1. Kirkwood Rh, the chain, all Cα pairs: how many Å?
2. Which residues among region 368-410 fall inside the zone where the amide N is under 17 Å from a point 7 Å beyond the Cα of residue 281, along Cα→Cβ?
3. Pop out the carbon and sulfur fraction of the accessible area of the chain as a percent, whole number, probe 1.4 Å.
4. List the relative contact order of region 33-174 as a percent without decimals, with contacts defined as Cα pairs under 8 Å and 6+ residues apart.
5. Eigenvalues of the Cα gyration tensor times 5, then square-rooted: what semi-axes does that give for region 16-122, in whole angstrom, largest first?
6. With every protein chain kept in place and ligands, DNA and RNA left out, what is the accessible area per residue of the chain? Probe 1.4 Å, answer in Å².
7. Which distance in Å, rounded to a whole number, links the C-alpha centroids of region 233-254 and region 371-406?
8. May I ask you to derive the FRET efficiency for residue 167 and residue 226 from their Cβ-Cβ distance with R0 = 25 Å, giving the value to the nearest 0.05?
Amino acid sequence: MVSEGSKPVRIGLLGRGTVGAAFADLLAERGEAVEAATGLRPEICGALTRSNGDFEQILEGSDLVVELMGGTEPAREYVLAALRAGKPVVTANKQLLAQHGDELFAVAREAGVQLRFEAAVAAVIPIVRAIQESFGVTEISKVFGIVNGTTNFILTEMAASGAGYDEVLAQAQELGYAEADPTDDVSGADAAAKMAILARLAFHTPVTLDEVTYEGIERVLPDDLAYAKEFGLSLKLLGVAERRDGGISVRVFPCFLYRGHPLAPIEGPFNAVMVEAPAISEVTMSGPGAGGVQTASAVLGDVVSILAGDAPVHETRVELPIVQDVGSSFYLYLEVADQPGVLARVATVLGDHGISVKSVVQRGIGDEARLVMVIHECLESKFAAALRALEGLDELRAAPRAIRVIEEEY
């Protein structure tokens, strides 16, 4: 039981939108539990919104700052000011960290205060804490997973119902899984920011958002999902950060997984992240990936960690080059003329580029003729050259469509 004289900790709250309001409610609800666990009594001393509050007054009166404004400015200015004033900061702002992480971490180290950001990646899944603390001295080889709940919901519903992208996106917006402007989610930009953060932590190297290549799900068609089922595949928007050829590769892309993959059964607005390393084999964590309450819970967890005691400030140990050309398997969809020898000509083009076919399905006749195949792993540059050559075949009636495939099963 904590005594009546427990020391109060004054929290300056920047932003009181969906997540900010949920955090304030959660802090009021769980304040006694935090006090019992840490011996400190957290309380919000002031909140900054678009129409109310003065940042300088809030900063001066606070012991700890929680930034839930979103955007990069003025959030960057406020977070830097708080750190320089010796105030620990908790943020859920993935774009701020992905674009200005070097500056923020350097100032936090110089000031000797904590910058915590669990809520910026995968909501309630404690992947940041796991990488920083549980695997802090482990040489991680790969971090990858589903880090955007909106796109996972859309792809799950498209596969289950056969509906098109636009229809399911509207459904996701009605249910609150997608924003009115879903661009960052569906284009892969949101996941790319999260992967920049995870890559920086996992490999102790600076990674900026513009070094992450990403693709979205806007061009995925119901036909792709229907044919993929025949190969035993399910589609996810995957973020991958891995060691490759003396450097690292950080990418986001739609990707088919076989049923035996741990991420294949993750459906709806859920996230899941896997960490691979020689010393631990692989560890998978999953949970809700979106929502104000879930994100607020992760923010409160960071606040509790700060109140419970200091933790190491993130440090950059080495600069690793970004590797762009990596190997992958591919799903390939071709609309072809219904003529003898088409498959042989396609196979010849692929073979000329050193690409072999794992499996193939032929469907339809006449104008509905299709060739759908899965390609064994090859360098992406080789596959791109093969696609350009295929586009020159007279037998093709439309541009080829390709989606990456992860062949590993666990």
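1. On the way: mean 1/r = 0.0436 Å⁻¹.
This gives a value of 22.9 Å.
2. 408-410
3. Numbers: 8410 of 17620 Å².
Whole-percent figure for carbon plus sulfur exposure: 48.
4. Details: 128 pairs, mean separation 19.2, N = 142.
So the answer I get is 14 percent.
5. Values: eigenvalues 90, 52, 43 Å².
The answer is 21, 16, 15 Å, longest axis first.
6. 43 Å²
7. So the two Cα centres are separated by 19 Å.
8. FRET efficiency, residue 167 to residue 226: 0.95.
The values are calculated or read from the model by the stated rules, or taken from the named source; none is laboratory data. Worth saying up front: this structure is predicted, and the values here are computed from it rather than measured. Counting neighbours? That spans all protein chains shown, and the Cβs are built from the backbone with ideal geometry, glycine included. Areas reflect the complete protein model, heavy atoms only, side chains present, ligands, DNA and RNA absent. Shrake-Rupley method; radii C 1.70, N 1.55, O 1.52, S 1.80 Å.
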